[in-house]
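*Asks:* Sending over a structure as C-alpha cells; questions will come in a sec.
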Amino acid sequence: MSALFQAKLDCFCSFPVCICPAQNPFICPVGFDSFVAAIDRFLSPIFSRFLNWIPAQLLMPPEKGHDTKNVIVSDKVSMSNQMWVEKYRPKSLDEIAAHADIVATIRQLTHDKKLPHLLLYGPPGTGKTSIILALARELYSTSFTQMALELNASDERGIDVVREEIQAFASTLRASSFGFKLVILDESDSMTKDAQFALRRIIERYTKYTRFCLICNFPSKIIPALQSRCTKFRLEALQFEDIRNKIQLVSSAENLKITEEGILAVCRVGCGDMRKSLNILQSAHLASKDVIDEDLVYAVTGKPLPVNMGNLCDSLLTLPFKEAVIVLVERKIIEGLTLSDIVEAMMAYVSQLHISSFFRTEFLRQLSEIDRCMTCCMGERIQLLTIVSIFSKLKSQINQ
Ligand SMILES: Nc1ncnc2c1ncn2[C@@H]1O[C@H](COP(=O)(O)OP(=O)(O)O)[C@@H](O)[C@H]1O
Ligand SMILES: [Mg+2]
C-alpha cells in the first residue's frame, strides 16, 4: 500500500489497513462512517449555498385550492353533489322538528343571557348537532367562525387538544355584543378520560366568557364531574310523523316521484333516525330515477320486504319442523338475508299476531334471546334451528 493511500485512509479511519478487522479500506467498519461524515462536511456548505439561490416559493408545498400538476382542488362543492343531510340541515331553531320544549328552553335561556353549559344526549340523527349549530348561527350570524369552536370525533380528542386548542380559544377575549363564546364538543363520549378531566378545570376557569356544549350518544361515558357542570337535555328518537314531514319536504324540494308506501317504508326503516331516513331516500333516488316505491326502498337498504316476512312466518307456523327449516334456509339464501334481519322482521310480525299477551310476551322474550346470542357470536345454524323450534312450540301451545 502506498504511503499516500495509507495517509488518506488515516484521515478518516484510526486503523491502518493491515490491522483493520475488514482488511479493506472500502468496507472498513470503523472508517466508513467517518468517510461519509467527511463527504457530508465537504458537500453541505455547497448545497446550502445552492438552496439559498432557489426562490422560496419553489420549495414550499402547494397550497390547498391552487392548481397542482394533475389535480385541481376546489373548496366549493356543487350543491347538486351535496349530501342531503347537510343540504337540508336546519338553518334556524324554527326549522327543528320535534323537541319543542327543549328548543323553547334553550331559546329563553339565551334570550335572558343565562345560557348554562349544555349536555345534549340521545340516539343518533335526532337533531343534537343541528340544534346547537342553529343556535350558534342565530347568535353570531357572520361572526360564527370567530365566536364558536366546533370540534367533533374526526378531530384529535386527546388531552393535548384540550390543553392547547380549547384552552387557547376559551382564554382569548373577543368582543361580542352577545358576551360569550361557544365551544361545541360533538361526540364528546369519544374523548379520553384524561381529556375530560382536563376539560373540567378549563370549564371552571373560563366560564365568564365561554359556554361549553357537549353532545353525545352515551352520557354514561362522560365523567360525573363534567355532567354536574352542565344542564342536561335528552333528545328522544323522532316520531314517525316528524320524519314523514321532513321526507315529504325534501322529496318535493328535489322533485322526486315517490309513492305514499315509499315514504312510509323510508320512515319505517329509518327507525326514528332522521339522518338514516334522509340517506335512505338519497340512496333510493341515486339507485333509480323512476318512481321510488316500497320495493325500491327495501332493495337499497337490503332489508326483507314485510309482506315476504309475513308469508315466511305463516309458513313456519303451519309447516312441520323439517319442512319449516328447509323453507327458512331457502328464503335466507334466495333473499340474501341475515339472521338479525329475520329476527327483527319476526318481532314486528309477532307484535301484530292475534294471540294472548302471555304467548306474545313469551315469543318476544325468546326472539330477543336469539338476538342476544347472535351478538355474542354464537353459531348461526343453532340460532336458525332455535327460531324454527320457537315457532313450532308456539303453534302447539296455540292449538291446545
Ligand atoms: N329534529 C330535527 N329536525 C329537523 N331535521 C333533523 C332533526 N334531527 C335530525 N335532522 C336531520 O338529520 C341530520 C342529522 O342531524 P344531526 O343534528 O346531525 O343529528 P345528531 O342528533 O346525530 O347530532 C341533519 O342534517 C338534519 O337534516
Ligand atoms: Mg351529531
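*Asks:* Check cross-link reach from residue 181 to the lysines: straight Cα distance under 20 Å, and skip same-chain residues fewer than eight apart.
*Replies:* 91, 113, 114, 128, 208, 232
*Asks:* May I pose another question? Restricting attention to region 203-265, which trypsin sites (Lys or Arg not before Pro) occupy a DSSP loop and are surrounded by at most 16 other Cβ atoms within 10 Å?
*Replies:* Qualifying residues, ordered by number: 208, 257.
*Asks:* While we're looking at this one, here's another question. How high is the relative contact order of region 306-399, in percent, with contacts defined as C-alpha pairs under 8 Å that are six or more residues apart?
*Replies:* RCO, region 306-399: 38 percent.
*Asks:* Could you tell me which of rounded, prolate or oblate describes region 88-234, using a ≥ b ≥ c as the square roots of the eigenvalues of the alpha-carbon gyration tensor, with rounded for a/c under 1.5 and, failing that, prolate when a/b is larger than b/c and oblate otherwise?
*Replies:* oblate
*Asks:* Would you mind calculating the gained length between residue 232 and residue 397 on full extension (0.36 nm times residue separation, minus the Cα-Cα distance), in nm to one decimal?
*Replies:* 54.6 nm
*Asks:* When the Kirkwood hydrodynamic radius is evaluated over all pairs of different C-alpha atoms of region 276-342, what value in angstrom, to one decimal, is obtained?
*Replies:* For region 276-342, the Kirkwood estimate is 13.3 Å.
*Asks:* Could you work out the relative contact order of region 225-321? I mean the mean sequence separation of Cα pairs under 8 Å and 6+ apart, divided by the number of residues, in percent.
*Replies:* Across region 225-321, relative contact order equals 25 percent.
*Asks:* Pull up the cross-link candidates among the aspartates and glutamates for residue 87, meaning alpha carbon to alpha carbon under 14 Å and not fewer than 8 places away within one chain.
*Replies:* 95, 254
*Asks:* Show me the trypsin sites (Lys or Arg not before Pro) within region 79-127 that DSSP assigns to loop and that have at most 14 other Cβ atoms within 10 Å of their Cβ.
*Replies:* Qualifying residues, ordered by number: 91, 113, 114.
*Asks:* List the GluC sites (Glu not before Pro) within region 247-309 that fall in a DSSP loop (any state other than H, G, I, E or B) and whose Cβ has at most 16 other Cβ atoms within 10 Å.
*Replies:* 254
*Asks:* Sequence neighbours fewer than 8 away in the same chain don't count; with that in mind, list the lysines whose C-alpha is under 28 Å from residue 393.
*Replies:* Counting by Cα, and skipping residues close in sequence, residue 393 has these lysines nearby: 303, 322, 332.
Only the coordinates and a few stated rules stand behind these numbers; no lab work does. Predicted, not measured: the structure shown is a model, and the values here were computed from it. Cβ atoms come from the backbone with ideal geometry, glycine included; neighbour counts cover every protein chain shown.
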